[in-house]
Amino acid sequence: MFEHDDRPRLFALPPGVDFPRAVAEGLRARFAGQPPEALARVSLFVNTRRMQRRLSELFDEGPALLLPRIRLVTDLGQDAAFADLPPAVSPLRRRLELASLVARLLDAQPDLAPRAAIYDLADSLAALMDEMQGEGVSPEAIRALDVSDISGHWQRSLTFLGAVEAFFGEASEEPPDLEARQRRVIERLVAGWERDPPKDPVIVAGSTGSRGATQMLMRAVARLPQGAVILPGFDFDMPAPVWAALDDALAAEDHPQFRFARLMQALEIGPDRVRRWSDHPPPNPRRNALVSLALRPAPVTDQWQVEGPGFAGIDTASDGMTLVEAPSPRAEASAIALILRHAAETGTEAALISPDRTLTRQVTAALDRWRIEPDDSAGRPLPLTAPGRFLRHIAEMTGTTITGPALVALLKHPLTSTGGGARNDHLRLSRDLELEALRDSMPYPTRAALLRWAGEKGERLAWVAWLSDVLDELARAGTRPLADHVAQTLALAERIAAGPGGEGAGGLWDKPAGREAKRITDELQREAPHGGSFSQADYRDLFASVLNKGEVRNPVQPHPGIRIWGTLEARVQGVELVILGGLNEGTWPETPPPDPWMNRKMRHDAGLLLPERRIGLSAHDFQQAIGAGRVVLTRAIRDAESQTVPSRWINRLVNLMSGMSAEGEAALAAMRDRGRDWLDKAALLDEAVPVPPAPRPSPRPPVEARPRQLSVTRVTTLVRDPYAVYADKVLRLRPLRPLHQSPDAPLRGTILHRVMERFVKETPAGEAPKDGHARLMTTAEEVLEADAPWPAARVLWLARLARVADQFLAGEAERRSRATPVEYEIRGRLEFDTLGFALTGTADRIDRDEAGALYIYDYKTGHIPTEAEREHIDKQLYLEAVMARAGAFDKLAAGRVAEVAYIGLGAMPKFERISIGDEDIFATRDELVALIGKYMHRAQGYTARRLAETQRFAGDYDHLSRYGEWDHSTPATPEEVGG
């Protein structure tokens, strides 16, 4: 196949060329006219399975021939010649073993790292081990580093590194990692080739040689008599002096051509010895030259001043290039979606290439507007799918106090109770439990609380029995072997998915997402015995990290011409239009993750890869992709938090073009104009038609639909916000209590009312107890223990009560000296026959003195109404006095009201008397009659927020009245509603 040559044989293809197609056609051309079995003797090694599939598809296009042996570099170890090497250990097993080692280290030395970092540290250690084994760096070489200036940090790092030395070397009793075995395979293969080189052609295509073991293979293949290496995206436009400058990894590792320069240096050849594999021209040669100039390494960018002004063909280079500088990520996604939609309409094959998965998901969502489903090569992360969320939720709930929101999320999950055909009944019971208990009085569901809710209803009892067993199992926790944790999670998941009376695992393991979850969890279950013991918190972190390894492809048939690729997939594909999205620093290129073990100089001295390696690979991907025929470069100027920094490659390209010449500035302006055109079109799609604000409502329902009964507190609401009474009593809309119950002020008030009622009832008549403080606090503790299931809130509320207890008891003694408590939480009803209306209410406490006069008290844990509020809005105590004067309270004879007062129990305790006499009671009664009488006429509307005392006043029905579209200065708009 190849002519004899003593020097290594390197071929390459320029950026922008469809690399797999060029490789396939180059092979066809070289074997034209030869026997059909000649091509079948070729061994073609590629670095990804996607490249392998694409090459097979291209050969399948015809004409008919025998295919070369297309193999993955990572499949070398499967040959029979390497059967004596022990099989590589599963990556998950190695990470679990490392996690167990890290956990034991942290038990012995807790100051080394937080326990939440156990799996992350294990993952980082595993990556370091892979790198050391792939690059042939031994632990001894690491220990020999000069670390005199960072000895403290290095000692901590060595503590971890020392724990993994047992996994290194051929003499190790542990099975090798994938990288270690791969290097052993390649070393043995290369040694065998040196003794007896293969006679048939061997080709390595598509690899950049960024890993030490792979570059070792490439060097060996390039030296074979019938061997060749085909490099992708080789910069034929870069001058030889610039190639020579790429000799220092510390200065040039982030350059896109650095790996090729290092390979040529190892082979002792120059760039002039790299030949083109085929005569496939790049789509835009001048653009390749422009990008090559823009990406020159930093020490030689002064050459822009020399070469830039004389650059020929800037118009040709920028033709077909568009620069979109969007104001926000949302605008960027909308513009990209519009470009892809136009490509779909015109039949143009297009691909969005970006490492930013958030951006690609936004673009996918925007394309759904036109029912375009792109072919996303990455799929969705498993934790974002239904089975992933389900498993993660169960692992997070295990060993914790189950809250109402967490339980509802589990009960309403689409996979819960899918195994017995009774999911509708399950959802109905879940809804009833939520509305009747979880939102009312059950912040922490327990078996006893659930049984009280179920009562004697048989259907509920059976369902609650199943649910209670699930809760009991979720409560089981503690430090256990990892295998036990995993078995519990999976057993619970299948039981919950099956539902009461169901069998199997319901729909948990169905569909692609379920099968991927099954694959991941089966592997975890298989390797769990190697993981040691974990606490529940450590296990939750580990389980979430393992799930993050899974990805699920969308089962829906995607659009054949619209694709979304990561940078890896883009290396092996070819389309007419390429969109490079998310071109901001930190996204593309991605900021290298912090290395907890070594700094970059230590890595360089040890022979490991530098952090800039990833940036260099990203730069090479960028240089490859921007060489396509039509290219759109997009970035967002701002993100959700601040101004963004454009990608260094965009910066270089823009700065170069701006300073080249007037033609360069004009070409850059044209690129931006094309980008603004797409942004303007995308903005038109999202442009909203102005809608006039809603008026301030004042509905006028029919008189017969209006309420004929109100409580004293609702009368206050009628004065303050009549619309709330309309929504409640006429529309019969009730605000839902929050699902996540919290110890808020209203609940505190309710509980303290119970404390006071019980304390006052148990106090001997006519006197305050001598041990009043102790008895009051004991009573409060008992009531809080029963009614407030929040330990922190109980402590806080008891402390607050203790601060005001003495003042309350002193006031109570004075109150007892004047009258005796006779009724607590007493209900009453007063009929107004002339209006056909009834006033109802519940008084906190009523005392009676020896003369029969009544004293009405209201406990207040919060704000006590001011005099102005009592005069114009809050008439609660006055109305209770009206009812007491008329004998409207149950089992309480009518009597003169001598006093009404507020007993303040808040931060500033206060006993506030309100002077009242018969004339005040009769005046209040007349005001109530007049108020209710007005609302007995159709002309009187229920105006929203009629008399809100503060702007911060929040009503339960503000969203219904569209408050915010109008304010308190807006006139009410009466409207007749109903019949």
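What the table below lists for this structure:
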{"quantity": "Condition check for PRO589: surrounded by fewer than 22 Cβ atoms within 10 Å (Cβ to Cβ) and within 30 Å of the chain's Cα centre (by Cα)", "calculated": "no"}
{"quantity": "Hits in region 450-470 - residues which are buried (at least 18 other Cβ atoms within 10 Å of the Cβ) and over 16 Å from GLY501 (Cα atoms)", "calculated": "LEU450, TRP453, ALA454"}
{"quantity": "Test: residue in region 398-413 that is over 27 Å from LEU547 (Cα atoms), small (Gly, Ala, Ser) and either assigned by TED's automatic domain parsing to the domain that holds GLY566 or not in a helix (DSSP H, G or I) (or both)", "calculated": "no"}
{"quantity": "Criterion (touching a residue at least 24 places away in the same chain (Cβ under 8 Å) and within 23 Å of PRO738 (Cα to Cα)) met by exactly one of ARG439, ARG423", "calculated": "ARG439"}
{"quantity": "Any hit, region 178-193, residues being closer than 24 Å to VAL546 by Cα, within 34 Å of the chain's Cα centre (by Cα), surrounded by fewer than 21 Cβ atoms within 10 Å (Cβ to Cβ) and at pLDDT below 80", "calculated": "no"}
{"quantity": "Residue within region 233-243 that is charged (D, E, K, R) and at pLDDT below 90 present", "calculated": "no"}
{"quantity": "Where GLN951 falls short, out of the listed (1) over 30 Å from GLY811 (Cα atoms); (2) at pLDDT 90 or above; (3) of a type in the set (S, T, N, Q)", "calculated": "(2)"}
{"quantity": "Count of residues meeting criterion [part of a helix (DSSP H, G or I), under 30 Å from the mean Cα position of the chain (by Cα) and among the aliphatic types (A, V, I, L, M)] in region 67-115", "calculated": "9"}
{"quantity": "Number of the exception - THR943 against (1) within 53 Å of the chain's Cα centre (by Cα); (2) in the same structural domain as ALA724 (by TED's automatic domain parsing); (3) at pLDDT below 95", "calculated": "(3)"}
{"quantity": "Complete set of residues in region 812-837 that are surrounded by 15 or more Cβ atoms within 10 Å (Cβ to Cβ) and among the acidic types (Asp, Glu)", "calculated": "GLU812, GLU823"}
{"quantity": "Residue that is farther than 22 Å from PHE759 by Cα and either out of contact with any helix residue (DSSP H, G or I) (no Cβ under 7 Å at 6 or more places or on another chain) or surrounded by fewer than 20 Cβ atoms within 10 Å (Cβ to Cβ) (or both), where the choices are PHE911, PHE922", "calculated": "PHE922"}
{"quantity": "Qualifying positions in region 861-882 - under 26 Å from PHE808 (Cβ atoms), crowded, with 20+ Cβ neighbours inside 10 Å and free of Cβ contacts under 8 Å to residues at least 60 places away in the same chain", "calculated": "PRO865, LEU877, TYR878, ALA881"}
{"quantity": "Some residue of region 567-575 being surrounded by fewer than 23 Cβ atoms within 10 Å (Cβ to Cβ), in contact with a Leu (Cβ under 9 Å, 6 or more places away or on another chain) and modelled with pLDDT of 85 or more", "calculated": "no"}
{"quantity": "Test: GLY933 is modelled with pLDDT of 90 or more, out of contact with any helix residue (DSSP H, G or I) (no Cβ under 9 Å at 6 or more places or on another chain) and on the phi > 0 side of the Ramachandran plot", "calculated": "no"}
{"quantity": "Helices (runs of 4 or more DSSP H) lying entirely in region 424-508 (those with 1 or more residues that are within 27 Å of the chain's Cα centre (by Cα))", "calculated": "458-475, 482-498"}
{"quantity": "Residues satisfying the stated conditions in region 639-657, i.e. without any contact (Cβ under 8 Å) to a residue 60 or more places away in the chain and either part of a loop (DSSP other than H, G, I, E, B) or under 18 Å from GLU590 (Cβ atoms) (or both)", "calculated": "GLU641, SER642, ASN651"}
{"quantity": "Count of residues meeting criterion [out of contact with any Ser or Thr (no Cβ under 7 Å at 6 or more places or on another chain), buried (at least 19 other Cβ atoms within 10 Å of the Cβ) and over 18 Å from ALA513 (Cβ atoms)] in region 352-371", "calculated": "4"}
{"quantity": "Failed criterion for ASP847 (all others in (1) closer than 18 Å to GLN709 by Cα; (2) without any contact (Cβ under 8 Å) to a residue 40 or more places away in the chain hold)", "calculated": "(1)"}
{"quantity": "Selection within region 238-293 - of a type in the set (Asp, Glu) and more than 25 Å from ALA22 (Cα to Cα)", "calculated": "ASP247, ASP248, GLU253, ASP254, GLU268"}
{"quantity": "Leading residue by the ranking (farthest from SER90 (Cα to Cα)) among those in region 500-537 that are surrounded by fewer than 21 Cβ atoms within 10 Å (Cβ to Cβ) and acidic (Asp, Glu)", "calculated": "GLU503"}
{"quantity": "Index of the failed condition, GLY852 passing every other in (1) loosely packed, with under 15 Cβ neighbours inside 10 Å; (2) in contact with a helix residue (DSSP H, G or I) (Cβ under 8 Å, 6 or more places away or on another chain); (3) over 14 Å from MET756 (Cβ atoms)", "calculated": "(2)"}
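The values are calculated or read from the model by the stated rules, or taken from the named source; none is laboratory data. Being a predicted model, the structure only gives us computed values, none of them experimental. Cβ coordinates were reconstructed from backbone atoms using ideal geometry, including for glycine residues, and neighbour counts include every protein chain displayed.
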